[in-house]
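Single-structure report; data block below.
The values are calculated or read from the model by the stated rules, or taken from the named source; none is laboratory data. For clarity, every value in this text was computed on a predicted model and none was experimentally measured. With ideal geometry, Cβ positions are generated from the backbone for all residues, glycine too; neighbour counts draw on all protein chains shown. All accessible areas refer to the heavy atoms of the entire protein, side chains included, with ligands and DNA or RNA removed. Shrake-Rupley method; radii C 1.70, N 1.55, O 1.52, S 1.80 Å.
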Amino acid sequence: TRYKVGLADTTFARVDMASVAEKVLKEHLPGVETPRYTVPGIKDLPVACKRLIEEEGCDLVMAFGMPGPTEIDKQCAMVASMGLILAQLLTNTHIIEVFVHEDEAEDERELHELAVKRAEEHALNVVKMLEKPEALTREAGMGRREGHPDVGPARL
Ligand code: RDL
Ligand code: RDL
Ligand code: RDL
């Protein structure tokens, strides 16, 4: 099947995560179309995603954002996240939220590395969700993480 995976992202973010994900999607899903919609910040992402679904006919959308380190940024991220969930419920379509909080990393180099890894790993999640959802079921309960190392299943 030829899929359409929308990529919504922001100019606020300090890493171009959508381009990283686009590369992974194109490697794994031959012929995939990846319409892109860039907005200023994370609170603008929900409507961008909804338009990619309703007007561009996307099968799934990835939403990339970078919440800053301050309290207001964290509130902004929570609200953006709820907006993304609402857009999913209104459209019955998955929106994979790829957020990297600036304070998850110690320095800029680590922030860049984390953002690239999280974008790649969520893109691989998307490939599985579209092509082989049973692959995700095989990973159920395995303590998977994106960007950070997996923590693994709890041992007896
Ligand atoms: O609609 C215009 C802006 O309000 C919107 O783009 C916001 O998402 C911008 N923004 C904030 O106002 C803020 O306080 C952002 C952050 N924090 C943030 O941490 N990350 C963003 N945007 O991407
Ligand atoms: O849409 C893709 C992801 O954003 C989504 O799967 C999140 O639920 C993943 N996630 C976080 O982003 C996070 O900050 C999870 C947690 N924390 C968490 O504590 N437990 C999860 N997911 O199952
Ligand atoms: O325990 C360390 C991290 O897993 C934890 O801090 C998560 O909340 C980190 N995280 C985010 O903050 C986020 O916005 C994650 C995601 N998104 C995500 O999509 N996947 C993760 N962690 O594994």
Would you mind giving the three semi-axes, in whole Å and largest first, of the ellipsoid equivalent to the chain according to its Cα gyration tensor? 22, 21, 15
Residue 23: which lysines have alpha carbons under 26 Å from its alpha carbon, excluding same-chain residues fewer than 8 sequence positions away? 4, 43, 50, 117, 128, 132
What helix-only [θ] at 222 nm does the chain give? Using -39500 (n - 2.57) per DSSP H run of at least 4, over all residues, to the nearest 500, the answer is -15000 deg cm²/dmol
Taking a probe of 1.4 Å and leaving out DNA, RNA and ligands, segment 12-91 shows per residue an accessible area in Å² of 51
Estimate the FRET efficiency between residue 136 and residue 103 by the formula 1/(1 + (r/R0)^6), using the beta-carbon distance for r and 22 Å for R0, to the nearest 0.05. 0.15
At a probe size of 1.4 Å, how large is the accessible area of residue 148, to the nearest 10 Å²? 80
Nearest-0.05 FRET efficiency for residue 19 and residue 56, computed from C-beta distance (R0 22 Å): 0.75
I want to make sure I understand the PRE zone here: with the label point 7 angstrom from the Cα of residue 43 toward its beta carbon, which residues in segment 79-108 have backbone N atoms less than 11 Å away? 79-80
Could you work out the relative contact order of the chain? I mean the mean sequence separation of Cα pairs under 8 Å and 6+ apart, divided by the number of residues, in percent. 23
